[in-house]
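Enquirer: Below is one structure. I have some questions about it.
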Amino acid sequence: MNMVKEKQKWLVVANWKMNPVSGKLAKQVFSSVKKVANKMRNVDTVVCPPYIYMENMKTSGHRFVLGAQDLFPVGEGSFTGNISYLQLKNLGVKYSLIGHSEKRNQGETNEAINEKVKAGLKGMITPIICIGEKERDESGEYLKFIKEQISSSLSGLPKTSIKDIVVAYEPVWAIGSTAKREPTTKEIFEVTIFIKKVLSDIYDTKSVPPTKILYGGSVDDKNVEIILKEGGVDGVLVGRASLDPKKFSEILKKVENIKR
Ligand code: PEP
């Protein structure tokens, strides 16, 4: 029996959102990031571009792969405007964000997210389930909110699946250009522990490989080191900074050098 424990790698996910405005620009960002990402030994990098650019983005190996920003949970059929998990699978997509706060703001429910998580797993696409409170309150109601988001997204999933999902903690107040502030690493650490506790209350997590937990919200080349060293997470989800190839490459290089 091979008893050598596989070294855990960091996971860095780039969410390009609805950017950039042309395929030419998308290709430029993609090529620069690809060069750096392919050299990383301790980091798995996932780039989530808009769907229309994916066909032209070739990846090879497992260090640098494509992710989607969302998926539709039915394989094919009369669903105008949607992209199915099967279409993504056939394109070679390995991950998908699910339940990003910007989708939730457009009306996506925990139930819809649960269906998408199941479809992703069916298509061998790792769901990156985004959770996070809109604001914090002193009495800790936000923790109940996070717990509800986790338990309903995972409803009906067998225990064996939890190693195949990723949970991204993205406090809405810390995301994007309207972010109120960055959380302290203590705040990130506390929620990371809380997510692990919620997962172990639902499943007996001792007997299964752990679910990866990411932090997302205003991550850049200046704060990524401290977040990974003190936040207790397995990686980061990067929005704005992932569209700047210089900044994103710097993030990857810094993460590469952080010991796990
Ligand atoms: C996001 O929206 O997923 C995100 C992390 O954004 P930003 O890094 O720009 O705050």
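Table: residues versus (1) among the small types (Gly, Ala, Ser); (2) over 28 Å from Trp16 (Cα atoms).
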{"position": "Lys134", "(1), (2)": "no, no"}
{"position": "Glu138", "(1), (2)": "no, yes"}
{"position": "Ile150", "(1), (2)": "no, no"}
{"position": "Gly156", "(1), (2)": "yes, yes"}
{"position": "Ser161", "(1), (2)": "yes, no"}
{"position": "Pro171", "(1), (2)": "no, no"}
{"position": "Thr192", "(1), (2)": "no, no"}
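Enquirer: Looking at Gly176, Gly232, which is the one that is in a loop (DSSP other than H, G, I, E, B) and surrounded by fewer than 18 Cβ atoms within 10 Å (Cβ to Cβ)?
Expert: So the residue among Gly176, Gly232 that is in a loop (DSSP other than H, G, I, E, B) and surrounded by fewer than 18 Cβ atoms within 10 Å (Cβ to Cβ) is Gly176.
Enquirer: Filter the stretch 1-34 down to the residues that are among the polar types (S, T, N, Q) and at pLDDT below 95, then identify the one that is farthest from Ile226 (Cα to Cα).
Expert: Here the answer is Asn2.
Enquirer: If you don't mind, there's one more thing I want to ask. I'd like the full set of residues that are surrounded by 17 or more Cβ atoms within 10 Å (Cβ to Cβ) and of a type in the set (Gly, Ala, Ser), limited to the stretch 142-173.
Expert: Of everything in the stretch 142-173, those that are surrounded by 17 or more Cβ atoms within 10 Å (Cβ to Cβ) and of a type in the set (Gly, Ala, Ser) turn out to be Ser153, Ser161, Ala168.
Enquirer: Against the conditions (1) within 18 Å of Asn15 (Cα to Cα); (2) away from the ligand (no atom under 16 Å from the Cβ); (3) aliphatic (A, V, I, L, M), where does Ile98 fall short? Just the number, please.
Expert: (2)
Enquirer: Pairs, please: C-beta under 8 Å, at least 6 apart or cross-chain, first residue assigned to a strand (DSSP E or B) and away from the ligand (no atom under 16 Å from the Cβ) and in the stretch 11-34, second open to solvent by less than 10 Å² (accessible area, probe 1.4 Å) and at pLDDT below 95?
Expert: Note: no pairs meet the criteria.
Enquirer: Hey, can you tell me all the residues within the stretch 119-139 that are open to solvent by less than 10 Å² (accessible area, probe 1.4 Å), touching a helix residue (DSSP H, G or I) at 6+ places or on another chain (Cβ under 6 Å) and within 16 Å of the ligand (Cβ to nearest atom)?
Expert: Matches in the stretch 119-139: Pro127, Ile129, Ile131, Gly132, Glu133.
Enquirer: Out of curiosity, is Lys206 within 12 Å of the ligand (Cβ to nearest atom), modelled with pLDDT under 95 and not polar (S, T, N, Q)?
Expert: Taking the combined requirement at face value, the residue does not satisfy it.
Enquirer: Could you check the stretch 198-229 and list, in sequence order, the residues that are part of a helix (DSSP H, G or I) and under 22 Å from Ala179 (Cα atoms)?
Expert: Correct list: Val224, Glu225, Ile226, Ile227, Leu228.
Enquirer: Name the helices (runs of 4 or more DSSP H) wholly within the stretch 35-113 that hold at least 1 residues that are farther than 22 Å from Ile213 by Cβ and modelled with pLDDT of 95 or more?
Expert: Ranges flagged: 51-54, 85-91.
Enquirer: Of these, Asn90, Asn105, Asn114, Asn42, which one is closer than 24 Å to Leu157 by Cβ and either open to solvent by 40 Å² or more (accessible area, probe 1.4 Å) or touching a Phe, Trp or Tyr at 6+ places or on another chain (Cβ under 7 Å) (or both)?
Expert: Unique residue meeting the criteria: Asn90.
Enquirer: Still on this structure, I have one more. Going by the structure shown, is Gly217 under 21 Å from Trp16 (Cα atoms), small (Gly, Ala, Ser), open to solvent by less than 10 Å² (accessible area, probe 1.4 Å) and within 11 Å of the ligand (Cβ to nearest atom)?
Expert: yes
Enquirer: Can you name the residue in the stretch 147-183 that is among the β-branched types (Val, Ile, Thr) and within 16 Å of the ligand (Cβ to nearest atom) and, of all such residues, is farthest from Ser218 (Cα to Cα)?
Expert: Among those residues, the one meeting the criterion is Val166.
The values are calculated or read from the model by the stated rules, or taken from the named source; none is laboratory data. Keep in mind the model is a prediction, meaning the values are calculated, not measured. With ideal geometry, Cβ positions are generated from the backbone for all residues, glycine too; neighbour counts draw on all protein chains shown. Surface accessibility is based on the protein's heavy atoms, side chains included, excluding ligands, DNA and RNA. Shrake-Rupley method; radii C 1.70, N 1.55, O 1.52, S 1.80 Å.
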